[in-house]
Amino acid sequence: MVFALALLAVSVSAQNRYYYDSDKKYGFFSNWSLSPFAQASFMNGKTAFGAGGMALKQLDDHVRFRMEASVNGITAVEGFDRNGTALAGLQFHIVDWVYLFAEGGAVINPSMKQKAGLAASGGVGLTCNFGKYSGLMAEGGYVALQNGAKVDNMFQARIGYVIRPGIIERDRVDIDIKHHNAERLGNLTEENKLLKSDLKRQQEANDTLMATLNKASALFAAMEKRLDDCNAQVAKATQPGTMATSPFFQIFFDYASAEISPIEVAKVEQLAQYINTTEANYRIEGYSSPDGDPYRNDVLSGERARAVYWLLIANGVDEDRLVPMKGGISTQYGDDSPLNRMVVVSASPY
């Protein structure tokens, strides 16, 4: 019993000392397990009780290498003697909790005719594991002892405690896999968070772009309507017979320009012919739209009036009949109409 408690203390100490940490470093791992046990033996009608210990090395999932040493104290009529055995063999697991074993080795007994001899044993065992590191075992079988030329058969039953002092090789692989899977899952979770964040930013960018496109579409539609309105007004102002029946004449200009376009030049030439058929004097008023700098627009209106003035003179109109004037900024056709960029020529009362 003292031997069993000592082995248990060593095992618990080893389990506390050796561990598997998050950096995948192994303080200790082993394919070995230890089993202190108590046993009862029955030979020639006599019963003996003793103790021993077993060490097992995991070879694969179902086979273990097995070594044991035990001592039996036998009370006999002729006195007290001891029987000690040391065996080595294999243990075969049928299922996780049932196994068969067979082993052979040496026996020492002072009361035997031959003080040392051979021994062989075989039997069946059961295990009940407590997690990965401990469990209970119970086994029974026959032991054959050589006693001189005689071979004695002994039935033996044991109960013991299985101690695994560290992580076995198979468990180490399992831990590696679990650790790798956990690490991979953590990485995938982090990647998923980043992807969700990127997707959210992309969605916000798409929403902003869509809002901008909608705003631009609305602005474009409004500009198209304004352009249609302007084109209608231009068509009305430039239709045949307009100058002959209107009280004043309009010459239109491009944005921020005092240069007369070819279409408007033809109108000015027609206007010069008309003025020469009359006896009245004419006032030439230049205008600009409200867009842009007010001072520049004011200057531009005068430049437009002078451009028409000089073109009329170039087409044969007496300069004494013409009075160029700076009309300034016009909103006649609305605050933002391009038709406000014009020169108005009308009969002057003086």
TODO: Would you please name the residue that is surrounded by the fewest Cβ atoms within 10 Å (Cβ to Cβ), looking only at residues in the range 250-267 that are part of a strand (DSSP E or B) and touching an Asp or Glu at 6+ places or on another chain (Cβ under 7 Å)?
DONE: Phe252
TODO: Would you mind telling me which numbered condition in (1) in contact with a Lys or Arg (Cβ under 6 Å, 6 or more places away or on another chain); (2) at pLDDT below 75; (3) under 24 Å from Gly52 (Cβ atoms) Gly148 fails?
DONE: (3)
- [ ] Quick one: in the range 319-339, of everything that is within 60 Å of the chain's Cα centre (by Cα) and in a helix (DSSP H, G or I), which residue is surrounded by the fewest Cβ atoms within 10 Å (Cβ to Cβ)?
- [x] Leu339
- [ ] Select from the range 307-318 the residues that are assigned to a helix (DSSP H, G or I) and touching a residue at least 24 places away in the same chain (Cβ under 8 Å) and list them in ascending order.
- [x] Ala307, Val308, Tyr309, Leu311, Leu312
TODO: Quick one: in the range 151-168, of everything that is crowded, with 19+ Cβ neighbours inside 10 Å and not in a loop (DSSP other than H, G, I, E, B), which residue is modelled with the lowest pLDDT?
DONE: Ile167
TODO: Mind listing whichever residues of the range 250-267 are charged (D, E, K, R) and touching a strand residue (DSSP E or B) at 6+ places or on another chain (Cβ under 9 Å)?
DONE: Glu264, Lys267
Task: Test: residue in the range 271-284 that is surrounded by 18 or more Cβ atoms within 10 Å (Cβ to Cβ) and either closer than 25 Å to Glu224 by Cα or in contact with an Asp or Glu (Cβ under 8 Å, 6 or more places away or on another chain) (or both) - done: no
TODO: Working only within the range 96-127, note down all residues that are farther than 17 Å from Phe42 by Cα, modelled with pLDDT of 90 or more and either surrounded by 18 or more Cβ atoms within 10 Å (Cβ to Cβ) or touching a Leu at 6+ places or on another chain (Cβ under 8 Å) (or both).
DONE: Val98, Tyr99, Phe101, Ala102, Glu103, Gly104, Gly105, Gly125, Thr127
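The values are calculated or read from the model by the stated rules, or taken from the named source; none is laboratory data. As the structure is a prediction and not an experimental result, all values here were calculated from the model. Cβ coordinates were reconstructed from backbone atoms using ideal geometry, including for glycine residues, and neighbour counts include every protein chain displayed.
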